[in-house]
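Heads up: the structure comes next, in C-alpha cells.
Where a number appears in this text, it was derived from the coordinates with a stated rule and is not lab data. Since we're looking at a predicted model, the values are computed, not measured. Here Cβ is always computed from backbone atoms with ideal geometry, including for glycine, and neighbour counts include all displayed protein chains.
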Amino acid sequence: MILVGVLMNNYPELSGRKILITGATDGIGKELSLMFAHTGVGLILHGRNPERLATTLKEITEETGNPDIQTVIADFTSLTQVKAMAEEIKQEVAHIDILVNNAGLYPKCKVITEDGFEQTLQVNYISPVTLTLALLPILGGKKPSRIVNLTSIGHCFVWSNIRDSQARFFGG
C-alpha cells in the first residue's frame with residue numbers, strides 16, 4: 001500500500017479519465033488496476049477467465065470503493081475475440097484516455113492458435129496491436145491519450161526444440 005500512496009501523490013490529475021488494462025486479473029495488471037482504482041478513474045479491466053475477472057473486480061471494488069469499474073472478457077489467442085472486445089468497448093464508452101497493453105504469456109511448449117500464429121507471438125504482440133488499432137477511434141478526445149505496452153525479457157529465452165516454422169513455411 002505504501003507504493004500506491006507514493007505513486008498516487010505523484011500522478012497528474014486523473015479524474016474523469018477512462019483507463020483500459022489488459023491482463024488485469026493478476027500480476028502487474030492487477031496491481032496497476034488497484035492503483036488506478038484508488039485514484040477514482042473509470043476502469044475497464046480485461047481478462048480471459050470470467051471467474052478470475054469477477055474475483056478481481058470484487059476485490060478492487062471492495063478495497064477502493066470505486067464504482068466506475070467495468071470488465072471485458074477476451075482470450076488473446078483468438079483475434080475474433082479481441083476484435084469483438086474492441087467493438088464491445090466502443091459501444092460502451094465514448095473515449096479511452098490510457099490503454100495499458102499488459103496481457104501476455106510465456107508457455108512451456110509451442111502452440112499454434114486458431115488464427116495460425118504461434119501462441120506467444122499472438123498473445124504478446126499481434127493481439128495487443130490488433131486491439132490498439134481497433135480502439136484508435138476512441139483513444140483520446142479532448143485530452144491527450146497514452147498507449148502503454150508492457151513486456152518482459154521472456155523473448156530472450158529460446159527453447160532448443162522449437163524451430164522457426166514460419167521460415168520453413170517460406171522456404172527458409
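Quick look at the numbers
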quantity: Residues within the stretch 87-110 that are part of a loop (DSSP other than H, G, I, E, B) and among the hydrophobic types (A, V, I, L, M, F, W, C), tallied; calculated: 5
quantity: Top-ranked residue in the stretch 96-109 [being in contact with a Leu (Cβ under 7 Å, 6 or more places away or on another chain) and of a type outside the set (A, V, I, L, M, F, W, C); ranked as surrounded by the fewest Cβ atoms within 10 Å (Cβ to Cβ)]; calculated: N102
quantity: Subset of the stretch 74-90 [touching a Pro at 6+ places or on another chain (Cβ under 9 Å) and either of a type in the set (G, A, S) or crowded, with 17+ Cβ neighbours inside 10 Å (or both)]; calculated: F76, V82
